[in-house]
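*Asks:* Supplied in structure tokens, the structure appears directly below.
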Amino acid sequence: MIKHIRQATVEEIEKIRDKSDLMPGHTQILAMDSDSGGADIAVVRNCFEINPIIFGEGVSDRRKLLFLHLLEERMLGAGVDRYYSQVPAADTHYKAVLEKLGFEQISPTPEYRILKVIR
């Protein structure tokens, strides 16, 4: 029997809340019932991303802050209230700078970033 995708229930959403980045207004949580009685759940997120952020060689942290501030002002003007970026797990200095600028690590462990083009 073919299973159909449906909106996840409130109870299903609560089960994944602690391990998911559920962005208010930007997230749709979909589910498909399984034969074992549970459900497969997918968090579909419409998000904005600035990636990569490439600073000029020898640029000060102050200049980095200015650049990000101006980018964020443009985004806020367009109604965007949050965005993602990416930092190499091994680059602890860059990560520390971004955290100083207000970024928050979302994933609990280092992850691979992958892309699938669907046509």
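The values are calculated or read from the model by the stated rules, or taken from the named source; none is laboratory data. This is a predicted model, so every value here is computed, not measured. Using ideal geometry, Cβ is built from the backbone for each residue, glycine included, and neighbour counts are taken over all protein chains shown.
*Asks:* Does any residue in the stretch 74-90 that is hydrophobic (A, V, I, L, M, F, W, C) come within less than 7 Å, Cβ to Cβ, of a residue that is in a helix (DSSP H, G or I) and surrounded by 10 or more Cβ atoms within 10 Å (Cβ to Cβ) six or more places away or on a different chain, and which pairs are these?
*Replies:* 87/94; 87/95; 87/98
*Asks:* Further question on the same structure: Here are some residues: 67, 103. Which one is farther than 30 Å from residue 18 by Cβ, out of contact with any Asp or Glu (no Cβ under 7 Å at 6 or more places or on another chain) and surrounded by 12 or more Cβ atoms within 10 Å (Cβ to Cβ)?
*Replies:* Exactly one of 67, 103 is farther than 30 Å from residue 18 by Cβ, out of contact with any Asp or Glu (no Cβ under 7 Å at 6 or more places or on another chain) and surrounded by 12 or more Cβ atoms within 10 Å (Cβ to Cβ), namely 67.
*Asks:* Return yes or no: is residue 91 surrounded by 13 or more Cβ atoms within 10 Å (Cβ to Cβ) and acidic (Asp, Glu)?
*Replies:* no
*Asks:* Here is a follow-up. Pairs, please: C-beta under 8 Å, at least 6 apart or cross-chain, first residue outside the structural domain of residue 81 (by TED's automatic domain parsing) and free of Cβ contacts under 8 Å to residues at least 24 places away in the same chain and in the stretch 39-65, second part of a helix (DSSP H, G or I) and of a type outside the set (D, E, K, R)?
*Replies:* From residues that are outside the structural domain of residue 81 (by TED's automatic domain parsing) and free of Cβ contacts under 8 Å to residues at least 24 places away in the same chain, there are no pairs.
*Asks:* For the stretch 72-111, how many residues meet the condition of being on the phi > 0 side of the Ramachandran plot and of a type in the set (A, V, I, L, M)?
*Replies:* Result for the stretch 72-111: 0.
*Asks:* Can you name every residue in the stretch 1-16 that is surrounded by 10 or more Cβ atoms within 10 Å (Cβ to Cβ) and either in a loop (DSSP other than H, G, I, E, B) or not hydrophobic (A, V, I, L, M, F, W, C) (or both)?
*Replies:* 3, 5, 6, 7, 8, 9, 12, 14, 15
*Asks:* Now, a different point. Step by step: first the residues of the stretch 31-50, then only those that are charged (D, E, K, R) and within 30 Å of residue 86 (Cβ to Cβ), then the one that is surrounded by the fewest Cβ atoms within 10 Å (Cβ to Cβ). Which residue is that?
*Replies:* Among those residues, the one meeting the criterion is 49.
*Asks:* Taking residue 54, is it exposed (fewer than 13 other Cβ atoms within 10 Å of the Cβ) and of a type in the set (Val, Ile, Thr)?
*Replies:* Spelling it out, residue 54 is indeed exposed (fewer than 13 other Cβ atoms within 10 Å of the Cβ) and of a type in the set (Val, Ile, Thr).
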